[in-house]
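K.L.:
Pasting a structure below so you can have a look.
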Amino acid sequence: TDKRIEENVKNISKWIAQIGKWAGRTDRRIGRIEGRLKLSPLTRHSPLRLSKIGEEILEKSGIKEATEQFKGQLLKEIKEQNPNTAYDVQEVTKQVFQDFDFGEDNVKKLKNYAFQSDWGLSDILEVGAIYFRDIALKEFGYKIEDLNNKSKK
């Protein structure tokens with residue numbers, strides 16, 4: 001019975017990995033569809049930019065004010081990750097925003113906006129990250145155009 005359990009666990013692990021791949025593909029496809037229909041807060045071409053929906057989320061959700069309030073701390077956390085390229089700055093910024101503690105009042109405001117607008121909190125944070133990415137790029141001596149070149153500066 002131990003061998004059967006081991007074999008079942010291996011099979012389940014394979015299926016879970018396959019489901020993960022399917023979910024990733026589905027997510028990318030939905031992102032492309034949203035982009036084409038202009039339903040996404042981000043444009044889906046390189047470099048990522050805020051769409052009109054993204055700009056609205058940025059202004060109405062409170063994420064812009066939260067980033068301005070914590071600008072120094074956000075830049076410090078991004079610098080601690082030691083990004084080597086403009087693309088690294090973007091990706092690190094996105095991760096920092098998902099993990100950052102914006103404080104109870106800001107989080108409450110973001111969650112209320114998420115509830116009222118049907119956008120997820122992670123969507124709002126991603127909008128904030130792309131907005132703040134441009135600030136961080138300047139701090140590291142990059143320009144937006146550098147995002148099209150993922151190699152070292």
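K.L.:
Please give the helix 104-117 orientation as an angle from the longest Cα principal axis of the chain, in degrees from 0 to 90, rounded to the nearest 10.
P.N.:
70
K.L.:
Follow-up question, since we're still on this one. Leaving ligands, DNA and RNA out of it, rank Tyr113, Tyr131 by accessible area with a 1.4 Å probe, largest first.
P.N.:
Greatest to least solvent exposure: Tyr131, Tyr113.
K.L.:
Quick query: amide H of Leu42 versus all other amide H atoms, modeled in the peptide plane; which residues come in under 5 Å with a sequence gap of 5 or more or a different chain?
P.N.:
Those qualifying (amide H under 5 Å, at least 5 residues apart or on another chain) are Ser51.
K.L.:
While we're on this one: At a 1.4 Å probe radius, which order do Arg133, Arg4, Arg49 fall into by accessible area, largest first?
P.N.:
So the residues, ranked largest to smallest area, are Arg4, Arg49, Arg133.
K.L.:
Each label point is 7 Å from the Cα along the Cα-to-Cβ direction; what then is the distance between the points at Asn148 and Lys79, in nm?
P.N.:
3.0
K.L.:
How high is the FRET efficiency between Val107 and Thr1 when r is their beta carbon distance and R₀ equals 30 Å, given to the nearest 0.05?
P.N.:
So the FRET efficiency works out to roughly 0.05.
K.L.:
Using the per-residue mean of other Cβ atoms lying within 10 Å as a proxy for protection, in what order, highest first, do the peptides 118-125, 16-23 fall?
P.N.:
Put in order of decreasing packing, that is 118-125, 16-23.
K.L.:
Which of Val127, Val92, Val107 moves most in a GNM of the chain, Cα contacts under 10 Å?
P.N.:
Among Val127, Val92, Val107, the largest mean-square fluctuation in the Gaussian network model of the chain belongs to Val107.
K.L.:
Expressed as an acute angle from 0 to 90° and rounded to the nearest 10, what is the orientation of the C-alpha long axis of helix 52-61 relative to the principal long axis of the chain?
P.N.:
The helix 52-61 is inclined about 80 degrees to the chain.
K.L.:
I've got another one for you. Put +1 on the Cβ of each Lys and Arg and -1 on the Cβ of each Asp and Glu in the chain; which of Ser40, Tyr113, Phe97 then has its Cα farthest toward the positive end of the dipole?
P.N.:
Farthest towards the positive end: Ser40.
K.L.:
Let me cross-check Phe140: its accessible surface, 1.4 Å probe, with only protein heavy atoms counted, in Å² to the nearest 10?
P.N.:
Here the accessible area works out near 50 Å².
K.L.:
Among [x] 10.0; [y] 12.2; [z] 8.1, only one was calculated for this model; which label is it, if the read-out is mean projected area of the Cα convex hull in nm²?
P.N.:
[y]
K.L.:
Sticking with this one: Just subtract the alpha-carbon distance of Glu68 and Glu56 from 0.36 nm times their residue separation and send over the number in nm, one decimal.
P.N.:
2.6 nm
K.L.:
Kindly flag which residue pairs out of Lys60/Lys94; Lys21/Lys79; Lys109/Lys138; Lys60/Lys138; Lys21/Lys60 have an alpha-carbon separation exceeding 23 Å in this structure.
P.N.:
Where the Cα-Cα span goes over 23 Å, the pairs concerned are Lys21/Lys79; Lys109/Lys138; Lys60/Lys138; Lys21/Lys60.
The values are calculated or read from the model by the stated rules, or taken from the named source; none is laboratory data. It should be emphasised that the depicted structure is a prediction, and the values quoted were computed from it without experimental measurement. Please note: Cβ atoms are built from the backbone with ideal geometry, for glycine as well, and neighbour counts cover all protein chains shown. Just so you know, the surface numbers come from the protein's heavy atoms only, side chains and all, with ligands and any DNA or RNA stripped out. Shrake-Rupley method; radii C 1.70, N 1.55, O 1.52, S 1.80 Å.
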